[in-house]
Amino acid sequence: MSSDSPTSGFVAFVGAGPGDPNLLTLRAAELLAKADAVVLGDDEAHRPLLRHCREGVEIVEDDLVKRAKHGQLVVRLCEGDPMLFSSITEEVAACAAAEVDFEIVPGVPPATAVLTYAGIPAASAVPEFRVVDAAQEQDWAVHAACRGTLVIYNGIGDAVAIGKALIAGGKPDTTPVAVSSGGTTTEQYTVVSSLGRLQPDLKHAGFTEPALIVVGEAVGLRDKLSWFETKPLFGWRVLVPRTKEQSRSLSEQLVAYGAVPEEVPTISVEPPRTPQQMDRAIKGLVTGRYEWVAFTSANAVKAVREKFEEYGLDARAFAGLKVAAVGDATARALVEFGVKPDLLPSGEQSSEGLVAEWPPYDSMLDPINRVLLPRADISTDTLVAGLTELGWECDDVTAYRTVRAAPPPAPIREAIKGGGFDAVLFTSSSTVRNLVGIAGKPHNVTVIAVIGPQTAKTAEEFGLRVDVMADKPSASALAAAVAEYGAKQRQAALAAGDTPRRPSQNRRGARRRAR
């Protein structure tokens, strides 16, 4: 059918893919964005895909035909690819019988995607690839003749029996087998065995559906080709206690390392109690009162930018001014605003680092000796003291207030105190104080990572053991340092002949399942 929506409604049977929400097709995302109603089916794992939907979309359970008859675009999400071992045949037939337009959108099937994420090529030396559904009656003697890769759906409950049947059909008992569940997600868990050893190797594995059984010599290439489960923070649940705006890029970086970041705001950024001080500062900035403006956070940039917009100003108002930024994140916020900083510390990215490179006031070179510092209400005096010593006069203006956020939900608090998180990333002393204040101290198995010495000192004052410190004070460097720590822990376990374990798996009572 045409990609244009019909005037009457229609039903789209959309392949949701194998588990990773980023493997959704472009057509699927397009239809979700237009949908009036979405059928999730029995699979709550599809819920993250609702981010593609417009606000107000209905989540329904049935009545596809009726809704389409009333002019709605209904998206029915289907696991993997809708037409592979299809469970929607009757629903499609119902649409056809009712003369309701429908579309079937292919999805990425687990049969290939899970293997790829497990580092197993679908067809390697022998170009044969066979996919079977164990839920249907099978002649395993026939499948034992498969010379290439055999992928088995819905067979985890009968895995040992299937292995024995394949051996009875002529497969060598040494034939490599991989069993993988939670495929393409950070819950992915793969055990490599052989047909003859399935019973002991799966005895304590705790597999549940959906899972795939992969049989064939291609499994032996996993050691060389595994890329997903070997990420440095694979499956680590990482607490990111920051403001929502600040945590986004950090969370994206953690995801790239294989982690599952959980953003818990500990600080709420609010406007000053009275706006007059900022109003005067913006007026002075425009009328030439200042030689320099120094930004010590991205939040300060945001506060000034919002004031500019309130007055109908833009980045051109900085013409003739010199602009300093305390670090990379602040500099990026300025560049997004249209302002290129004139001064950025080349060494330590802090108030001390900024003062160390700030030029002293020179009446012959500087027509004005005043510096504007739009900052938080709880800022330290280090920068003001340093600039004053260099001969500058400072207008230290409260651009925004930082207040403690509300406590997170009870399950998050319990996970923090009970060791449910593998790591927590502290990006300032205030995040340490506020997290402990609203949620309690992290468990002693949790890796404590801090952005710099001052934050480390505060963490230690609260009785926390600091495991990781960034080599420079930036959120990106902090995430990289945690990834390096995770990689070293993994390498050490492998070198000792042990299975790598996440920190949370080392707490008492944690489920002991090898990855």
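Laboratory data are not the source of any read-out in this text; all were calculated from the coordinates shown. Note that the structure is a prediction, hence the values are computed from the model and not measured. Cβ atoms come from the backbone with ideal geometry, glycine included; neighbour counts cover every protein chain shown.
Worth pointing out:
- Put simply, when 277-284, 156-163 are sorted by average Cβ atoms within 10 angstrom per residue, most first, you get 156-163, 277-284.
- Region 167-184 and region 375-411 have Cα centres spaced 60 Å apart.
- Distance (nanometres) between label positions extended 7 Å along Cα→Cβ at ASP279 and ASP62: 6.2 nm
- Taking each residue as 0.36 nm, the span from ALA123 to GLU90 lengthens on full extension beyond its C-alpha to C-alpha distance by 8.6 nm.
- Whether region 373-499 is rounded, prolate or oblate, judged on the alpha carbon gyration tensor where a/c under 1.5 counts as rounded: oblate
- Model label points for ASP139 and GLU30, set 7 angstrom from Cα along the Cα-to-Cβ axis, are 4.4 nm apart.
- Size of region 466-507 from its Cα atoms: along the principal axes, largest to smallest, the extents are 35, 22, 14 Å.
- Per-pair calculated FRET efficiency, R0 = 25 Å: VAL160 and ALA493 via Cβ, rounded to 0.05: 0.30
- Region 76-159: GluC sites (Glu not before Pro) in DSSP coil with no more than 10 other Cβ atoms inside 10 Å: GLU99, GLU137
- When the trypsin sites (Lys or Arg not before Pro) in region 24-102 are filtered for DSSP coil states and for at most 12 other beta-carbon atoms within 10 Å of their beta-carbon, the remaining sites are ARG54.
- Angle in degrees between helix 429-439 and the longest Cα principal axis of the chain, rounded to the nearest 10: 50 degrees
- Residue separation of MET364 and THR287 scaled by 0.36 nm, minus their Cα-Cα distance, works out to 25.6 nm of gained length.
- Stretching the chain fully between TRP227 and LEU390 yields a gain of 53.4 nm (0.36 nm per residue, less the alpha carbon separation).
- Directionally averaged projected area (convex hull, Cα atoms, region 263-303), nm²: 3.8 nm²
- In terms of the mean number of neighbouring beta-carbon atoms within 10 Å, the peptides 457-469, 356-368, 249-261 order highest first as 249-261, 457-469, 356-368.
- In this entry, the chain is assigned a mean projected area of 30.4 nm², taken as a quarter of its C-alpha convex hull surface.
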